[in-house]
């Protein structure tokens, strides 16, 4: 990543913005702070579905993340077309989110900003970040395992 005054901005996107994407945001921001890059990299999260807008993340995700030292405090919001102007990278948690984002992108150029979170996994053989909402406590833990690896690799790719 080139040094400049403007922050490089990453948007994490899942369906409701109450589990995966706010957790990815929290994990990524933690790694950014640890690397001392908070003045150069910024993160946010959003959902393709707006039904949870204004809500805190799922209590189970907040608890599982806090156990690992990540504070998930984001307030849910729906992704907007203007996000493609504001963000340099838009990361989808699964294929449906990816397709929804591709349809929302205002231009072909903007669609090139969209990536899959699983593309940043190196040790896990999975093509998407599963939604833990109906998976129980072990589902939230598994998703955090995936997000920790993907976020670390994402940050490395931006350095």
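The values are calculated or read from the model by the stated rules, or taken from the named source; none is laboratory data. Owing to the predicted nature of the structure, the values given are computational and were not obtained by experimental measurement. With ideal geometry, Cβ positions are generated from the backbone for all residues, glycine too; neighbour counts draw on all protein chains shown.
Pairs meeting the criteria (first residue in segment 90-104 and assigned to a helix (DSSP H, G or I), second residue surrounded by fewer than 18 Cβ atoms within 10 Å (Cβ to Cβ) and at pLDDT 95 or above, beta carbons under 7 Å, at least 6 apart or on different chains) are 102/111.
With the requirement that a residue be within 17 Å of residue 57 (Cβ to Cβ), free of Cβ contacts under 8 Å to residues at least 12 places away in the same chain and surrounded by fewer than 16 Cβ atoms within 10 Å (Cβ to Cβ), what does segment 134-159 give you?
Step one: filter segment 134-159 for residues within 17 Å of residue 57 (Cβ to Cβ), giving 134-137, 139-144, 146-148, 151.
Keeping just the survivors that are free of Cβ contacts under 8 Å to residues at least 12 places away in the same chain gives 134-136, 139.
Passing the criteria: 134, 135, 136.
Of all the criteria given as (1) at pLDDT 95 or above; (2) over 15 Å from residue 11 (Cβ atoms); (3) over 15 Å from the mean Cα position of the chain (by Cα), the one not satisfied by residue 102 is (2).
Is it true that residue 69 is surrounded by fewer than 20 Cβ atoms within 10 Å (Cβ to Cβ) and either in contact with a strand residue (DSSP E or B) (Cβ under 9 Å, 6 or more places away or on another chain) or under 12 Å from residue 27 (Cβ atoms) (or both)? So residue 69 passes the test. Being without any contact (Cβ under 8 Å) to a residue 40 or more places away in the chain and over 13 Å from the mean Cα position of the chain (by Cα) is true of residue 109.
Considering segment 112-125, and only residues there that are touching a residue at least 12 places away in the same chain (Cβ under 8 Å) and part of a loop (DSSP other than H, G, I, E, B), the residue that is surrounded by the most Cβ atoms within 10 Å (Cβ to Cβ) turns out to be 121. Scanning segment 25-46 for residues that are in contact (Cβ under 8 Å) with a residue 24 or more places away in the chain, in contact with a strand residue (DSSP E or B) (Cβ under 6 Å, 6 or more places away or on another chain) and either outside any helix (DSSP H, G or I) or closer than 17 Å to residue 86 by Cβ (or both) returns 25, 28, 41, 42, 43, 44, 45, 46.
Does any residue of segment 72-80 turn out to be free of Cβ contacts under 8 Å to residues at least 24 places away in the same chain, under 14 Å from the mean Cα position of the chain (by Cα), under 28 Å from residue 36 (Cβ atoms) and assigned to a helix (DSSP H, G or I)? If you could, list the steps in order and put the result at the bottom.
At the first step, the residues of segment 72-80 found to be free of Cβ contacts under 8 Å to residues at least 24 places away in the same chain are 75.
Next cut, under 14 Å from the mean Cα position of the chain (by Cα) only: 75.
With under 28 Å from residue 36 (Cβ atoms) added as a condition, the list becomes 75.
Filter again for assigned to a helix (DSSP H, G or I), leaving none.
Looking for residues that are free of Cβ contacts under 8 Å to residues at least 24 places away in the same chain, under 14 Å from the mean Cα position of the chain (by Cα), under 28 Å from residue 36 (Cβ atoms) and assigned to a helix (DSSP H, G or I), one finds none in segment 72-80, hence no.
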